[in-house]
1. Using only the alpha-carbon atoms, how far is helix 17-30 inclined from the longest principal axis of the chain? Give it as 0 to 90 degrees, nearest 10.
2. Any idea what angle helix 161-171 forms with the longest principal axis of the chain, computed on alpha-carbon atoms, 0 to 90 degrees, nearest 10?
3. Sequence gap at least 6, Cα distance under 8 Å: using those rules, report the relative contact order of region 138-242 to the nearest whole percent.
4. So what are the radius of gyration and Dmax for the Cα set of region 95-153, in Å?
5. Once you keep just the Cα pairs under 8 angstrom separated by 6 or more residues, what percentage relative contact order results for the chain?
6. At 222 nm, what value in deg cm²/dmol follows for the chain if DSSP H runs of at least 4 each add -39500 (n - 2.57) and the sum is divided by all its residues, to the nearest 500?
7. Just how far, in whole angstrom, is region 203-234 from region 35-92 if you go by their alpha carbon centroids?
8. What is the projected area of the convex hull of the Cα atoms of region 13-135, averaged over all directions, in nm²?
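Readers should treat all values here as calculations from the given coordinates under stated rules, not as data from a laboratory. Everything quoted here is computed from the prediction, not taken from an experiment. So basically every Cβ, Gly included, is an ideal-geometry build from the backbone, and we count neighbours across all protein chains shown.
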Amino acid sequence: MSLTTVLFDLDDTLFDHIGTARAALAATAAADARLQAADSEALYQHYSELLEVIHAQLLAGRYTYEEARQLRFERLLGPYGVGAAEVPAIAQAHYGRYQQLRRPLPGARALLEALKPHYRIGIVTNNRTAEQVDKLRHLGMTQLVDALITSEDVGVLKPDPRIFQVALARLGARPAETVLVGDNWTADVLGALGVGIRPVWLNRTGAPRPLAHVPEITDLASLPAVLQTITSRSAAVGAPAV
């Protein structure tokens with residue numbers, strides 16, 4: 001069966017969240033004397049850990065967006081003497097920097113532009129709809145995407161099969177004619193395998209690949225090789241690991 005549809009994760013697959021967050025956090029630290037002496041890598045790692053945990057709780061409905069941001073920055077900045085009353089202004093300024101500094105991964109737009117004339121393109125993302133709509137607009141990708149499927153809209157998070165099933169239904173695609181490209185092994189790769197979609201793992205860090213039969217790419221900028229990996233049908237879904 002020929003390929004008709006390519007699904008992508010968004011954050012850290014097409015959108016460079018890590019690079020954007022690092023740049024925004026560095027600017028926020030530089031603007032506050034209490035943070036200027038902080039180890040930048042340790043600060044970012046703590047920020048990243050808090051974001052992962054609290055964002056999952058936000059998507060599960062435990063916190064509102066404002067409550068999640070307040071809690072995240074209280075825990076991040078408290079050790080540096082920043083009080084809870086100061087957090088809203090600092091967090092808002094940081095979010096403004098993050099918005100301004102948003103950028104795609106190198107090669108992301110060129111990849112979408114190469115695929116769009118030949119395949120239906122979908123985004124399947126664990127995030128809020130309004131945020132992802134604005135992100136695609138800012139990145140200049142809106143016209144390159146046929147459908148945006150968010151966990152907020154569907155009511156479940158990847159790797160739940162239902163979010164992939166909704167994506168297939170919206171795009172009129174069958175699993176066997178669909179590929180999903182994503183950076184998260186559990187949410188994207190295992191999620192896709194669970195519904196019969198062929199995954200392509202974006203592994204930018206060189207992490208060990210748990211299943212050898214899953215195709216892997218290390219960046220999006222090597223366009224001919226990336227296109228070959230995405231469009232090749234040589235790797236069968238569910239093939240045994242070697």
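1. 10
2. 70
3. That works out to 19 percent.
4. According to the Cα coordinates of region 95-153, Rg and Dmax are 12.0, 37 Å.
5. 23
6. That calculation yields -13500 deg cm²/dmol at 222 nm.
7. 33
8. 8.3
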